[in-house]
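Report on one structure; see the data block that follows.
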Amino acid sequence: LAQSPIALALVSLGIFSVLAISYLGSHSQTILKDNYRSVLAAQRMKESIERMDSAALFLVAGQGEKGVQQAAKYRPIFEAELKVQEGNITEAGEKEFTAGLRAAWTDYLAKFDRLQATTGADEIRKLYFSELEAAFYKVKASADEILAINQDTMVRKSDNVRRTGERMNAITITVALVALALGLLVSTFL
């Protein structure tokens with residue numbers, strides 16, 4: 001009976017510790033769920049648009065078949081990742097950036113299709129350097145905006161979880177010391 005206050009204090013401390021660790025674990029999962037998928041999508045879109053630009057340069061260089069094949073490979077990858085991003089909007093301003101990316105991508109595709117349909121070497125070169133290159137940079141910049149907002153948020157949320165962990169450590173130590181003191185005090189009187 002004299003030891004029961006200490007046992008009760010240890011059980012209380014254990015329950016508190018489990019709850020604190022679960023809280024921190026769920027917060028780190030939120031970071032991954034909300035932002036990491038958007039980071040991956042943006043990186044994959046940037047890779048795909050760079051490959052599309054290479055395909056356009058193959059067309060400019062007179063390597064039409066190679067350019068068409070490369071574009072056919074990377075166009076659906078970009079579109080799939082853009083759809084993932086459109087379904088994973090979690091941060092303030094991200095919706096607008098994603099809409100801007102969709103508009104830039106649609107514009108790029110229209111210009112790319114015109115480039116593919118153009119036959120004269122001089123016309124292809126002129127179209128690429130006067131329109132398509134700028135559209136490429138716009139798509140890439142739009143993907144960079146989405147990447148930046150999600151990476152910044154991941155860093156901010158990670159810092160918040162770290163600070164929360166530090167607070168939980170301090171609280172756990174305080175609760176342990178108070179529980180020990182109360183347990184010893186009550187045990188002494190019993």
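The slack between residue 7 and residue 92, meaning 0.36 nm per residue of separation minus the straight C-alpha distance, is 25.8 nm. At a probe radius of 1.4 angstrom, the accessible area of segment 54-169 per residue rounds to 54 square angstrom.
Given the alternatives (1) 10.0; (2) 13.4; (3) 12.7, mean projected area of the Cα convex hull in nm² as computed for this entry is given by (2).
Could you work out which residue, out of 59, 147, 13, moves most in a Gaussian network model of the chain, that is, has the largest mean-square fluctuation with Cα springs under 10 Å? Residue with maximal mean-square fluctuation among 59, 147, 13: 13. Under the criterion of Cα pairs below 8 Å and six or more residues apart, the relative contact order for the chain equals 41 percent.
Accessible surface of residue 51, taken over heavy atoms with a 1.4 Å probe and every protein chain present, rounds to 80 Å².
With 19 Å as the limit, the listed pairs 33/138; 33/83; 46/157; 46/73; 83/157 have 33/138; 46/157; 83/157 beyond it between alpha carbons. Packing around the peptides 103-111, 117-125, taken as the average count of other Cβ atoms within 10 Å per residue, puts them in this order, highest first: 103-111, 117-125.
Note on the chain: dipole from Cβ charges, positive end direction compared against 101, 21, 67; the farthest Cα belongs to 21.
When the helices of the chain are scored as -39500 (n - 2.57) per DSSP H run of n ≥ 4 and the total is divided over every residue, the value at 222 nm lands at -30500 deg cm²/dmol. Here segment 50-190 is assigned +1 on the Cβ of each Lys and Arg and -1 on the Cβ of each Asp and Glu. Its dipole about the Cα centre then comes out at about 340 debye. By accessible area, using a 1.4 Å probe on protein heavy atoms only, segment 49-190 has 60% of its surface on carbon and sulfur.
The values are calculated or read from the model by the stated rules, or taken from the named source; none is laboratory data. From a predicted model like this one, the values you see are computed outputs, not experimental measurements. Please note: Cβ atoms are built from the backbone with ideal geometry, for glycine as well, and neighbour counts cover all protein chains shown. Just the protein is used for accessible areas: all its heavy atoms, side chains included, with ligands, DNA and RNA removed. Shrake-Rupley method; radii C 1.70, N 1.55, O 1.52, S 1.80 Å.
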